[in-house]
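Right, one structure below, let's go through it.
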Amino acid sequence: MDTARADVLAGLTIPYRVRFDESTPEGRVRTSTLLRYAQDAAWVHSEALGYDRHWYTARGLWWVVRSVELRLEVPIPLGTTLHVRTRVGGFRKVWARRRTDLSLDDGSPAGWLHTDWVITDARGAPQRIPESFPAAFAAPPGSFEPVRVPATPPVPEAIETHFAVLPHELDPMDHVNNAVYLDHLEDAVAAAGGADDLRTLPRTVRLEYLMPAAPGDLLVGRVWRGDPGWAYHLATTGGVDVLRGRTTPG
């Protein structure tokens, strides 16, 4: 195996400059932008190893994000070049975990993500990981536990918002993109009086995606103070659970 391919097998690092439209009014990167970087880097890595969208489409396979854990260590200002390194951390049955490390120009850590994916067929039914994947991505089957968010019901004093799925929130799978849900969570926390908590670092965000929201869905979000941090629950107005989320200090 040549050295270049061996390096790609071990992971791929891509620089992303934090753009004006990816930043908050305080001039920091919007948290959901980091999920978008991680998602894009994952696809670039997969394509570099020969597994592009055409490969998956031809076999009727798709990847769906089921959970995310994001750790933010330091502020990341507008204009910063963030070095995003992605690698596959392990496979188990229908699951795959990617580890994404975020670093600054001087090499110091800015944060990290675990993204847990499930491979499905075109109908959304989970499928076994192809036998070729562990060797292709240099990641033997692992025993990781997918990220979970406790199924705590919203408290009576939870603040409730109603909104509809908008066309610009949809991705090529015709589902609301996984990063959009983090925007909903943080918008709800800020509106409930937690804007300062969103500026607190270090901070950890956990999201568990229960059901994809689709075009035309009407959603209801509920946010309340957790112990510690904030908890968020999103469902359709028909009562179908869509997302559970937590943002906590430390």
Checked against the structure, the computed semi-axes √(5λ) of the Cα gyration tensor in Å among (i) 29, 23, 16; (ii) 47, 18, 13; (iii) 27, 21, 18 is the one labelled (i)
Simple Cβ-charge dipole of the chain, Lys/Arg +1 and Asp/Glu -1, about Cα centre, in debye nearest 20
640
Compute the long axis of helix 31-48 from its Cα atoms, compare it with the longest principal axis of the Cα atoms of the chain, and write down the angle in degrees, 0 to 90, nearest 10.
20
So what's the back-of-envelope 222 nm ellipticity for the chain, counting only DSSP H runs of four-plus at -39500 (n - 2.57) apiece and dividing by all residues, rounded to 500?
-6000 deg cm²/dmol
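With a cut-off of at most 15 other beta carbons within 10 Å, and DSSP calling the residue loop, which trypsin sites (Lys or Arg not before Pro) in region 114-219 qualify? Please list them. Could you put the intermediate results ahead of the total?
Numbers: sites: Arg123, Arg128, Arg148, Arg199, Arg203, Arg206; in loops: Arg123, Arg128, Arg148.
Hits after loop and neighbour filter: Arg123, Arg128, Arg148.
Return the loop-located GluC sites (Glu not before Pro) in region 85-177 (DSSP other than H, G, I, E, B) with at most 16 other Cβ atoms within 10 Å of their own Cβ; answer none if there are none. All intermediate terms of the calculation are to be shown ahead of the outcome.
Values: sites: Glu131, Glu157, Glu160, Glu169; in loops: Glu131, Glu157.
The qualifying sites are Glu131, Glu157.
Around Pro109, with a cut-off of 10 angstrom between Cβ atoms, what is the net charge of the other residues, counting Lys and Arg +1 and Asp and Glu -1? Before the final figure, lay out the partial values.
Working: positive: Arg71; negative: Glu73, Asp101.
Residues near Pro109 contribute -1 overall.
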Just want the ordering: Thr115, Thr80, from fewest to most Cβ atoms lying within 10 Å of their own Cβ.
Thr80, Thr115
Other residues with Cβ under 9 Å from the Cβ of Ala139 give, with Lys and Arg +1 and Asp and Glu -1, a net charge of +2
The summed charge of the Ala158 Cβ neighbourhood (under 10 Å; Lys/Arg +1, Asp/Glu -1) stands at 0
Which whole-number percent gives the relative contact order of region 1-145, counting Cα pairs below 8 Å spaced six or more residues apart?
27
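Using the Cα centre of region 1-136 as the reference point, and only Cβ charges (+1 on K/R, -1 on D/E), how large is the resulting charge dipole? Debye, rounded to the nearest 20. List each step's numbers first, then the result.
Values: 19 positive and 16 negative charges, 110 e Å.
Taking the Cα centre of region 1-136 as origin, the dipole is about 520 debye.
Quote the relative contact order of the chain in percent (integer), defining contacts as alpha-carbon pairs under 8 Å separated by 6+ residues. The partial results should precede the final answer.
Values: 512 pairs, mean separation 46.6, N = 250.
With pairs under 8 Å counted, the relative contact order is 19 percent.
Each value in this text was obtained by applying a stated rule to the coordinates, not by laboratory testing. Everything quoted here is computed from the prediction, not taken from an experiment. Note: ideal-geometry Cβ built from the backbone for every residue, glycine included; neighbour counts use all protein chains shown.
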